[in-house]
Amino acid sequence: MNTIQQGEERLVPLHECKLMIQQAVTEACQRVSRAPRPYKLFGLNASRDFASRVAWHLQINLNEHTEKIFDDGECFVKSGSDYRDSREGNVRGHNVFVIQSIYSDDRESAADKFVKLCMFCGSLKDASAHEVIPVIPHLAWARQDRKTESRAPIMTKYTARMLEATKIERALFIDVHNLSAEQNAFDVPIDVLEAKNLFADWFASSMLADRCCKKVRVLSPDSGGLGRCKRFRDALLKRCQSIGSSIDDIEIVVFDKVRVQGQVTGGRIIGDVSDADVIVYDDMISTGNTMKKACQAVQEFGGRVYAICATHGLFCGEA
C-alpha cells in the first residue's frame, strides 16, 4: 500500500505518514530532554568540606563516592560507597554536579586533583548520567592563557580539551583568572560566578560607617585585571547609591609592575591615589609579592590601603 485512509476525507500518501510519525517522535524526544531530571551532587575528597557547605545551603544531601589510591599510586574513583551496586551510586538519567577545586596543597598536587576530576566525570558518563557538570571553584593553570615566550604552553586550551574529552555538558567556575580566555578555550558552555557583589555589599556598608572615606580608588595589580576591577567598581557604586552613601568618587587605577626574570621589582601607579582610600582588587593571592609591591606603591604615591580583596587565597610560600 502506498496510501493510508484518513477518515473519509482523503487518502494520505505513505511518505507523508512517515514524515508525520518522524515529527511526532522528534517532538516527544524534545519534551523528554527538556523535562526536569533528578540531580545529584558529589564532592571529591580534596573539596569535601566545601561541597558539604554547598549541600547544606542548598538543603540537599551530598552523595557518597569511593576514592582511593592503589599501591602503585594509581587513583580509583567512582560514585557510590562500595563495589556493590547501590541506589546511592546510581546516576542513570541524572544531572550530576561534581565539586573539585584544582590547586596544590600539602596532600595532593593540582595535577592529581585534575586527573581525579576527569576520571570521575568520565565514569559518571559511562554510568549513563544524563549530564555531568564539574564545579571548579579554583582552576589551576588559568594564568597560562597565552604564549608569553617561545614554546610556552597554553594551558587553558589543554585543560579544556581534557575535560571535554570526558563528555561533560558544561562547566562552572568562580572568578576565573581570564574570563575571555576560558570562554574561548571551551567548546561546551561555561558559567563563571563572580564574588563582586558580595565584596561590594561589604565595602559599601563598611565605607558608610567610615566617614573618612570620600575619595576611593580600586587598584588592579596588573593591566589584565582591569575588566574585573571595572565590574567591581560598578557594583560598588550601585551599592553605595542604594544605601544613600555620599561616596561617588570611585575610579580605577593600575599598578604598572616591572618583572625581571619572573620577579616583581616594583612599579608605579597609573592614576591618582593621593589622599585616597585604595581597595587592591584581584582574583587570587599566590605568593603575595605583587600585592606587597602594589601596597608599597600606593603608600609612596600618597594613598592609604583600605583593604586587599581577592577570591582565591592560595598563600604559597611565605605569603
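Things worth noting here:
- The test for being under 28 Å from residue 175 (Cβ atoms) and either open to solvent by 20 Å² or more (accessible area, probe 1.4 Å) or part of a loop (DSSP other than H, G, I, E, B) (or both) holds for residue 52.
- Screening residue 232 against (1) in a strand (DSSP E or B); (2) farther than 30 Å from residue 126 by Cβ; (3) at pLDDT 95 or above leaves a single unmet condition, (1).
- Listed by first and then second residue, the pairs linking a residue in the stretch 50-78 that is free of Cβ contacts under 8 Å to residues at least 24 places away in the same chain and of a type in the set (A, V, I, L, M, F, W, C) to a residue that is assigned to a loop (DSSP other than H, G, I, E, B) and loosely packed, with under 14 Cβ neighbours inside 10 Å, with Cβ atoms under 7 Å apart and 6 or more places separating them unless they lie on different chains, are 55/61; 76/70.
- Taken over the stretch 265-281, the residue count meeting the criterion of being assigned to a strand (DSSP E or B), modelled with pLDDT of 90 or more and not hydroxyl-bearing (Ser, Thr, Tyr) is 6.
- Every residue from the stretch 198-241 that is in contact (Cβ under 8 Å) with a residue 12 or more places away in the chain, within 24 Å of residue 286 (Cβ to Cβ) and open to solvent by 20 Å² or more (accessible area, probe 1.4 Å): 199, 222, 223, 224, 226, 227, 228, 230, 231, 233
- Pairs where the first residue, in the stretch 164-193, is over 14 Å from residue 137 (Cα atoms) and in contact (Cβ under 8 Å) with a residue 60 or more places away in the chain and the second is small (Gly, Ala, Ser) and not in a loop (DSSP other than H, G, I, E, B), C-beta under 9 Å, 6+ apart: none
- The set of residues in the stretch 118-157 being assigned to a loop (DSSP other than H, G, I, E, B) and in contact with a strand residue (DSSP E or B) (Cβ under 6 Å, 6 or more places away or on another chain) consists of 129, 130, 137, 138, 139.
- When residue 176 is tested against (1) over 20 Å from residue 313 (Cβ atoms); (2) part of a loop (DSSP other than H, G, I, E, B); (3) of a type in the set (Val, Ile, Thr), just one condition goes unmet, and that condition is (1).
- Of all residues in the stretch 235-245, exactly one satisfies the criterion of being of a type in the set (Ser, Thr, Tyr) and not in a helix (DSSP H, G or I), namely 245.
- Of the residues 86, 104, the single one that is open to solvent by 30 Å² or more (accessible area, probe 1.4 Å), in a loop (DSSP other than H, G, I, E, B) and modelled with pLDDT under 90 is 86.
- Only one of 57, 15 that is loosely packed, with under 12 Cβ neighbours inside 10 Å, modelled with pLDDT of 90 or more, out of contact with any Phe, Trp or Tyr (no Cβ under 8 Å at 6 or more places or on another chain) and part of a helix (DSSP H, G or I): 57
- Hits in the stretch 114-133 (condition: closer than 29 Å to residue 222 by Cβ and surrounded by fewer than 24 Cβ atoms within 10 Å (Cβ to Cβ)): 114
The values are calculated or read from the model by the stated rules, or taken from the named source; none is laboratory data. Everything quoted here is computed from the prediction, not taken from an experiment. Note that each Cβ is placed from the backbone with ideal geometry, even for glycine, and that neighbours are counted across all protein chains shown. Side chains included, ligands, DNA and RNA excluded: accessible areas come from the protein's heavy atoms. Shrake-Rupley method; radii C 1.70, N 1.55, O 1.52, S 1.80 Å.
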